Amino acid sequence: MEIRSRYAREPCETHCHTLRAQGPAIPVGVDVQVESLDSISEVDMDFTMTLYLRHYWKDERLSFPSTTNKSMTFDGRLVKKIWVPDVFFVHSKRSFIHDTTTDNIMLRVFPDGHVLYSMRITVTAMCNMDFSHFPLDSQTCSLELESYAYTDEDLMLYWKNGNESLKTDEKISLSQFLIQKFHTTSRLAFYSSTGWYNRLYINFTLRRHIFFFLLQTYFPATLMVMLSWVSFWIDRRAVPARVSLGITTVLTMSTIITGVNASMPRVSYIKAVDIYLWVSFVFVFLSVLEYAAVNYLTTVQERKERKLRERFPCTCGIPHSKTMMLDGNYSESDANSLAGYTRNQMVPEEEKQEKMVVHLAMSNESNSSRKRGLKGHVGLRIIQNTHAIDKYSRLIFPGTYIFFNLIYWSVFS
């Protein structure tokens, strides 16, 4: 009471009362006009917004007689001499009132004691984002307003005109997001040590533009996977060409994955883009393993052919330097003719260079043993004929990747 009496006795040009008026909770209406959404940061999980924050309340101590019923407008210098609501932004990281060319504060007092208090503020606040569907995601952020000192028994914050209390500039736009909607809500917030407080929410939903990520991430990753398939059409004996192509695509995919994760927070769950990039990386890596298998089987086959040649050195009239390896595709008549069972033993030199020779191990086995050998040859044809592995890979790899894309885009789109 002594403090109140002292403030009441202090002279001033206007009604200078810096303490809240005694009595029931003071209703304070709020409306907001959003000027701009300056930035959205995925790494810091926050957003920056510039807005006009306006408060409406009635303080009868500020009433004054007026014959014209006109209000009086003041700048920020009067704010320090009267009571104003102590609204702050919950979960804000940084905020400031603009001060160019003077403090952007306006106070308007009406003859009956109604007060309009307006500020231009830029605030950076936290936004809890879920990146499980990134970059095919939508994010909902909230800017929360609350009285710092006064509970709901002393100050009652409310939206002055409901959802109409929030206005936005039609020119607001973001490079990576489409602003879908703004809306307001309110509820009570409880603190165990101080009590219940009125809290107001400015909610807005953002839909991410996908075109940027299609050009920078999805399209290059798809091209790298398709480029790795080129090795299936390259001769399996061209080791430098196929190895260098495989290593290049693997390293490029690693660079793409690193670049995407560098601009994202280190979350502990899998994002949609991670699924696509890592599956693409697996396809590229499998193409390298496919050639490793083809090269190994080719080496094993050549070793067996070399041992067979050493065991049966006869090439039936054809010089050893002209012999070539077969893939296993030959008929019985060709084998008999190449083995020496031909009408003309002498083969012209031009035809010798084009012939493919099979070294036949002639034995005294029965016809049934030869039939069993032919059946075993058919069963192992894919392994022995390494070129067939490339043929099957030309169909299996693209078909599987297309199937994966159909499932991926149907689930996350």
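The values are calculated or read from the model by the stated rules, or taken from the named source; none is laboratory data. Predicted model only: the values in this text are computed from it and were never measured. Positions of Cβ are backbone-derived with ideal geometry, glycine not excepted, and every protein chain shown enters the neighbour counts. Heads up: the accessible areas ignore ligands, DNA and RNA and are worked out on the full protein's heavy atoms, side chains in. Shrake-Rupley method; radii C 1.70, N 1.55, O 1.52, S 1.80 Å.
Exactly one residue among M226, M156 is open to solvent by 60 Å² or more (accessible area, probe 1.4 Å), among the aliphatic types (A, V, I, L, M) and either assigned to a loop (DSSP other than H, G, I, E, B) or in contact with a strand residue (DSSP E or B) (Cβ under 7 Å, 6 or more places away or on another chain) (or both), and that residue is M156.
Can you find a residue that is more than 30 Å from D31 (Cβ to Cβ), open to solvent by less than 60 Å² (accessible area, probe 1.4 Å), aromatic (F, W, Y) and assigned to a helix (DSSP H, G or I) anywhere in segment 188-211? Taking every residue of segment 188-211 in turn, none turns out to be more than 30 Å from D31 (Cβ to Cβ), open to solvent by less than 60 Å² (accessible area, probe 1.4 Å), aromatic (F, W, Y) and assigned to a helix (DSSP H, G or I). Checked against (1) open to solvent by 30 Å² or more (accessible area, probe 1.4 Å); (2) touching a strand residue (DSSP E or B) at 6+ places or on another chain (Cβ under 8 Å); (3) not in a helix (DSSP H, G or I), S175 meets all criteria but (2). For the condition surrounded by 12 or more Cβ atoms within 10 Å (Cβ to Cβ) and modelled with pLDDT of 90 or more, T258 does not qualify. If you go through segment 289-332 and keep only what is among the small types (G, A, S), part of a helix (DSSP H, G or I) and modelled with pLDDT under 50, you end up with just S321. For D46, the conditions (1) charged (D, E, K, R); (2) within 54 Å of the chain's Cα centre (by Cα); (3) at pLDDT below 90 are fulfilled apart from (3). Restricting L143, L116, L136 to those that are of a type in the set (A, V, I, L, M, F, W, C), surrounded by 15 or more Cβ atoms within 10 Å (Cβ to Cβ), modelled with pLDDT of 95 or more and within 24 Å of T205 (Cβ to Cβ) reduces the list to L143. Among the residues of segment 82-130, those identified as of a type in the set (G, A, S), within 30 Å of V267 (Cβ to Cβ) and without any contact (Cβ under 8 Å) to a residue 60 or more places away in the chain are S92, S95.
For segment 91-113, the set of residues classified as in a strand (DSSP E or B) and farther than 18 Å from V32 by Cα consists of K93, R94, V109, listed by residue number. Applying the set (1) part of a loop (DSSP other than H, G, I, E, B); (2) charged (D, E, K, R); (3) within 24 Å of L178 (Cβ to Cβ) to E35 leaves exactly one unmet item: (1).
Is it the case, given these coordinates, that G29 is on the phi > 0 side of the Ramachandran plot, in contact with a Leu (Cβ under 9 Å, 6 or more places away or on another chain), surrounded by 15 or more Cβ atoms within 10 Å (Cβ to Cβ) and not charged (D, E, K, R)? No. With respect to L245, is the statement that it is touching a helix residue (DSSP H, G or I) at 6+ places or on another chain (Cβ under 6 Å), under 25 Å from H209 (Cα atoms) and either of a type outside the set (V, I, T) or not in a helix (DSSP H, G or I) (or both) true? No; evaluated as a whole, the condition is false for this residue.
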